[in-house]
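To start, the structure itself, in structure tokens.
The values are calculated or read from the model by the stated rules, or taken from the named source; none is laboratory data. Computed from a predicted structure; not experimentally measured. All Cβ positions, glycine included, derive from the backbone under ideal geometry; neighbour counts span all protein chains shown.
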């Protein structure tokens, strides 16, 4: 699933480690999400939405997702 | 955190007590001494189990959130398939060749296949997700 996590993180001036700390996950998880190789669970997507103060549908785009 | 550590100690003492009771019940000679020895031996393992169950567990809200848990799930399910395939092939070879293998060797083989398969699959999943 496409997402704008990397762009939003860079805009906020956070490192991957900082974002991982804010989300309560590992840095590898953040890397995997940014590379769009791992779709986060719904609770984690809500935490991402909360951290970036943006709706989930603005951060994640189902275009390109498996049917 | 104090509540979790209390639970860990309680679980440890419970396991130790159960082992001591079992030793006291089943020991044909010197049941009291057996119970004390078994209890002393079981205490560190009981506390360790208590720590794993009560203290070291991840918070419920983050369980399954990490990419690592997804990679591990994929690796273990793939390893299960590999074990079935390897066991089928090994059974065919053993049957055709008429070999009589000791159970210890067979179980060791299964264990090695699971470890090798799961480790390789986990490393591949991690490399695919993190790599360029």
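Quick grid of which residues meet (1) surrounded by fewer than 15 Cβ atoms within 10 Å (Cβ to Cβ); (2) over 27 Å from residue B:69 (Cα atoms); (3) touching a helix residue (DSSP H, G or I) at 6+ places or on another chain (Cβ under 9 Å); (4) not assigned by TED's automatic domain parsing to the domain that holds residue B:69:
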position: B:12; (1), (2), (3), (4): no, yes, yes, yes
position: B:15; (1), (2), (3), (4): no, yes, yes, yes
position: B:19; (1), (2), (3), (4): no, yes, yes, yes
position: B:29; (1), (2), (3), (4): yes, yes, no, yes
position: B:32; (1), (2), (3), (4): yes, yes, yes, yes
position: B:38; (1), (2), (3), (4): no, yes, yes, yes
position: B:41; (1), (2), (3), (4): yes, yes, yes, yes
position: B:45; (1), (2), (3), (4): yes, no, yes, yes
position: B:51; (1), (2), (3), (4): no, no, yes, yes
Looking only at the range A:29-47, decide whether some residue is surrounded by fewer than 16 Cβ atoms within 10 Å (Cβ to Cβ), assigned to a helix (DSSP H, G or I) and within 11 Å of the chain's Cα centre (by Cα). yes
Please go through (1) within 13 Å of chain B (Cβ to nearest Cβ); (2) under 20 Å from residue B:126 (Cα atoms) for residue A:43 and return the number of the only condition it doesn't satisfy. (2)
Pull up the range A:10-28, narrow it to residues that are outside any helix (DSSP H, G or I) and more than 7 Å from chain B (Cβ to nearest Cβ), then point me to the one that is farthest from residue B:70 (Cα to Cα). A:13
Output the residues belonging to the range B:99-127 that are out of contact with any helix residue (DSSP H, G or I) (no Cβ under 9 Å at 6 or more places or on another chain) and either within 29 Å of residue A:38 (Cβ to Cβ) or surrounded by fewer than 10 Cβ atoms within 10 Å (Cβ to Cβ) (or both). B:102, B:103, B:104, B:105, B:127
Among the numbered conditions (1) in a loop (DSSP other than H, G, I, E, B); (2) within 14 Å of chain B (Cβ to nearest Cβ), tell me where residue A:63 comes up short. (2)
Give B:83, B:96 a once-over and let me know the one that is assigned to a helix (DSSP H, G or I), under 28 Å from residue B:109 (Cα atoms) and in contact with a helix residue (DSSP H, G or I) (Cβ under 8 Å, 6 or more places away or on another chain). B:83
